[in-house]
Amino acid sequence: MTSSSSNHPVNGNHTNKTIKCVCVGDGCVGKTSMLMSYTTNTFSQSYVPTVFDNYSITILISGEPYTLALFDTAGQSGYELMRAFSYTNTDVFL
């Protein structure tokens, strides 16, 4: 994890460290399906192109809670500038 991770208050004095993960790639390769499958344990057979979406789950790393913020980006051409907006303070790119 990099030093750009941030802390967000959760329930009073407790904080969860946040790991920001941005998923990039060509259109129609399964970025949204992968993120949905991971966060909700579901898989949709339908295809709806994504422009931008994000998901958030709590994970445990060495017994400590972390907020995993997952950013889903558009893979279609013409959205290059839109994708770049999600890159700031990213810890992980997929």
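The values are calculated or read from the model by the stated rules, or taken from the named source; none is laboratory data. In this text, all values refer to a predicted model and were calculated from it rather than measured experimentally. Reconstructed Cβ throughout: ideal geometry from the backbone, glycine too, with neighbour counts over all protein chains shown.
Numbers below:
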{"item": "Residue match in region 29-44 (condition: part of a strand (DSSP E or B), in contact with a Phe, Trp or Tyr (Cβ under 8 Å, 6 or more places away or on another chain) and at pLDDT 90 or above)", "result": "no"}
{"item": "Residue within region 17-28 that is without any contact (Cβ under 8 Å) to a residue 40 or more places away in the chain, buried (at least 16 other Cβ atoms within 10 Å of the Cβ) and among the hydroxyl-bearing types (Ser, Thr, Tyr) present", "result": "no"}
{"item": "Hits in region 35-73 (condition: surrounded by fewer than 11 Cβ atoms within 10 Å (Cβ to Cβ), within 14 Å of Ile19 (Cβ to Cβ) and β-branched (Val, Ile, Thr))", "result": "Thr58"}
{"item": "When residues of region 74-94 are limited to those that are part of a helix (DSSP H, G or I), exposed (fewer than 12 other Cβ atoms within 10 Å of the Cβ) and not acidic (Asp, Glu), the one nearest to the chain's Cα centre (by Cα)", "result": "Ala84"}
{"item": "Subset of region 45-73 that is modelled with pLDDT of 90 or more and either hydroxyl-bearing (Ser, Thr, Tyr) or assigned to a loop (DSSP other than H, G, I, E, B) (or both) - its residue that is nearest to Lys31 (Cα to Cα)", "result": "Thr73"}
